[in-house]
Amino acid sequence: MTKEHLTTLEYALLGLIGISPMTGYDIHKLFETTPFGHFSSSPGAIYPALNRLARRSLLDTSMDKRKEARPRRIYSLTKTGEEALAAWLRQPVTRDELIRISGAPILRFNFAKERLSIEEILSYLEGYRRVVAAYIDELLSYDDQLKAPEMYHNRLALDHGIRRYRSELEWITSATTAFIRARRSSRKHKVVR
């Protein structure tokens, strides 16, 4: 597995290619037409990231000459790429990641489908919940410092952050409930068969 730190964009690429081998153009179009676009739909970011991943032996490339006169490079995960993706999916959410790498915890959650068990996902969500709850408490601790009338704008900005993370906490609770139901349902089906 790679010892070098990967960017969130690079992990997004590993996750997408882990679903199905893709060309750089396929990824570019996906980023342009889906919520993945906030990572970057720029070929100037995508292709260098794909090349870095290939140099690190996380991606394998092959040429598809069937569809066009100009061959297309298809990227697929190597064993090392699979291991790097699996390790990243199992990382617990950290405070630093929560506040500095917006969207990374949800990105990992999104790619966990079919790669992590329900138990692993529930454990991930519980860790995520603890980090968000602790950060909300940390933000609330600043409230007393912002009571002065001249701090009105600051207090409103803080309120925005608190509401954002409370919303995230609400989603985590909802997702956890959905996975607990899925676990119960899968157990019932096993017993019936």
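The values are calculated or read from the model by the stated rules, or taken from the named source; none is laboratory data. All values derive from a computational prediction rather than experimental measurement. Reconstructed Cβ throughout: ideal geometry from the backbone, glycine too, with neighbour counts over all protein chains shown.
Would you please name the residue that is nearest to ARG166 (Cα to Cα), looking only at residues in region 98-118 that are touching a residue at least 12 places away in the same chain (Cβ under 8 Å) and among the charged types (D, E, K, R)?
Here is the first cut: in region 98-118, the ones touching a residue at least 12 places away in the same chain (Cβ under 8 Å) are 98-99, 101, 103-105, 107-112, 115-116, 118.
Now drop any that are not among the charged types (D, E, K, R), which leaves 108, 115.
Values: ARG108: 20, ARG115: 28 Å.
Within region 98-118, the match that is nearest to ARG166 (Cα to Cα) is ARG108.
Considering only helices (runs of 4 or more DSSP H) fully contained in region 60-111, which possess at least 1 residues that are outside the structural domain of ILE19 (by TED's automatic domain parsing), of a type in the set (S, T, N, Q) and under 20 Å from GLU168 (Cβ atoms)?
The helices (runs of 4 or more DSSP H) meeting that bar are 104-111.
Quick grid of which residues meet (1) out of contact with any Cys (no Cβ under 7 Å at 6 or more places or on another chain); (2) modelled with pLDDT of 90 or more; (3) assigned to a loop (DSSP other than H, G, I, E, B); (4) farther than 16 Å from ALA87 by Cβ:
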site	(1), (2), (3), (4)
THR2	yes, no, yes, no
LEU6	yes, yes, yes, no
LEU13	yes, yes, no, no
LEU16	yes, yes, no, yes
ILE27	yes, yes, no, yes
PHE36	yes, no, no, yes
SER40	yes, no, yes, yes
GLY44	yes, no, no, yes
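Pairs under 7 Å by beta carbon, first residue in the same structural domain as HIS28 (by TED's automatic domain parsing) and closer than 15 Å to PHE31 by Cα in region 47-59, partner among the acidic types (Asp, Glu) and at pLDDT below 95, six or more apart or different chains?
ALA49/GLU10
Based on what the data block shows, is THR94 touching a Lys or Arg at 6+ places or on another chain (Cβ under 6 Å), at pLDDT 85 or above and surrounded by fewer than 17 Cβ atoms within 10 Å (Cβ to Cβ)?
Numbers: touching a Lys or Arg at 6+ places or on another chain (Cβ under 6 Å): no; at pLDDT 85 or above: yes; surrounded by fewer than 17 Cβ atoms within 10 Å (Cβ to Cβ): yes.
Answer is no for this residue.
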